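The block underneath contains the structure these notes are about, expressed in C-alpha cells.
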Amino acid sequence: MGETVRLQKYIAMSGLASRRAAEAMIEEGRVSVNGKMVTEQGVKIEIGADDVAVDGEILKLKNKKYYIMLNKPVGYVSTVSDQFNRLTVVDLVKKDLGNVRVFPVGRLDYDTEGLLLLTNDGDFTYEVTHPKFNMDKTYIAAVKGGMTVSGMNKLRNGVYIDDGFKTSPAQAEIIDAYDGHTYVKITIHEGKNRQVRKMFEAVGNTVVGLQRIKIGNVELGNLPLGRWRHLTSHEVNYLRSK
C-alpha cells in the first residue's frame, strides 16, 4: 500500500493550487476521486493508486518544486487569472517558466508593489501564510503629510479596523520625510485585506505608496521592479521553519 494523504494536500502537491484553494475546489464539486465527485474535506487518497481529477483533468504529481521571489509592480493582481482580464503576477514569470504552473503565496494589493512569493508547492504556501505561524511582513509606506507621535504610538499598540478588529502591535518607525510625504517602515504579522492602508487611515493618515520589502528575514534587496529570481535553499528552509 502506498502513502495516503488528504485530498486537499494531494491537489496542493500537484502544483495546481494552494491547500486552501484546493479545499474550495472540493466544496465547489470540482474534484473527483476514481471518477466519483467528492465534496467533503478530509477524504484520504492513496498516492499512485487513486486517480484524482479537477474539472475532469487527472492530476499528476510533479517532482520539481519552484520557489520564486518577484518584485511586483503596481497594476498587477496577485492571482493566476483575472475575470476582468487585468494583468496578473503570473504573467511576469510564465514566459520564463514554460509550462510550469506557479501561484502566488498570499497576495499584494493591485496598487501595492514589492516582495511577493510564488510557488507550485501548496504545503510551502500553507506554511508561509497560515496565521498560526505569525510570519512578519515589513513594508515602506509613503504617507501624505506628517505623522504625529500619537499616531505612531497607536500603530505600535494596535488600532481598530474592519468592524472592530484590533490589529496586533506593530513595529513602526519614521525613516524619512520630504516633499510633503513621510516614509514609515512598518512590520505586521497579520494579513487582513489592505491592512496597512487601513491602519494608517485609523490614525488619520493616507498612504499614497506602499512597498513590501521583507517577509520574515527574506529581503527584496535590489531585485529590479517587475523581475524575479529563485529563492535560495537557505531562504526556503528558513521560511519553512518559521
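Summing Lys, Arg as +1 and Asp, Glu as -1, what charge do residues with Cβ under 14 Å from the Cβ of W228 carry, W228 excluded? Walk me through the intermediate numbers first.
Working: positive: K72, K94, K95, R227, R229; negative: D91, D96, E113, E235.
Local charge sum for W228: +1.
Could you tell me how far the Cα centroid of the stretch 8-56 sits from the Cα centroid of the stretch 225-242, in Å?
27
Based solely on its DSSP helices, what 222 nm [θ] is calculated for the chain when runs of n ≥ 4 H residues each add -39,500 (n - 2.57) and the sum is averaged over all residues, nearest 500 deg cm²/dmol? Please list the in-between numbers first.
Details: 7 runs with 54 residues, N = 242.
Mean residue ellipticity, 222 nm, calculated: -6000 deg cm²/dmol.
When ranked by the protection proxy of mean other Cβ atoms within 10 Å per residue, highest first, what sequence do the peptides 94-100, 170-176 form?
Working: 94-100: 10.3, 170-176: 14.9.
Highest mean packing first, the order is 170-176, 94-100.
So, counting K/R as plus one and D/E as minus one, what does the shell of residues with Cβ under 12 Å around L210 add up to?
Numbers: positive: K72, K137, K185, R194, R197, K198, R212; negative: D109, D111, E113.
Net of charged neighbours comes to +4.
Using DSSP to call loops (not H, G, I, E or B), can you name the chymotrypsin sites (Phe, Trp or Tyr not before Pro) in the stretch 11-114 whose Cβ has at most 10 other Cβ atoms within 10 angstrom? The partial results should precede the final answer.
Values: sites: Y66, Y67, Y76, F84, Y110; in loops: Y66, Y76, F84, Y110.
Hits after loop and neighbour filter: F84.
Throughout, read-outs are computed from the coordinates displayed, never taken from laboratory work. This is a predicted model, so every value here is computed, not measured. Positions of Cβ are backbone-derived with ideal geometry, glycine not excepted, and every protein chain shown enters the neighbour counts.
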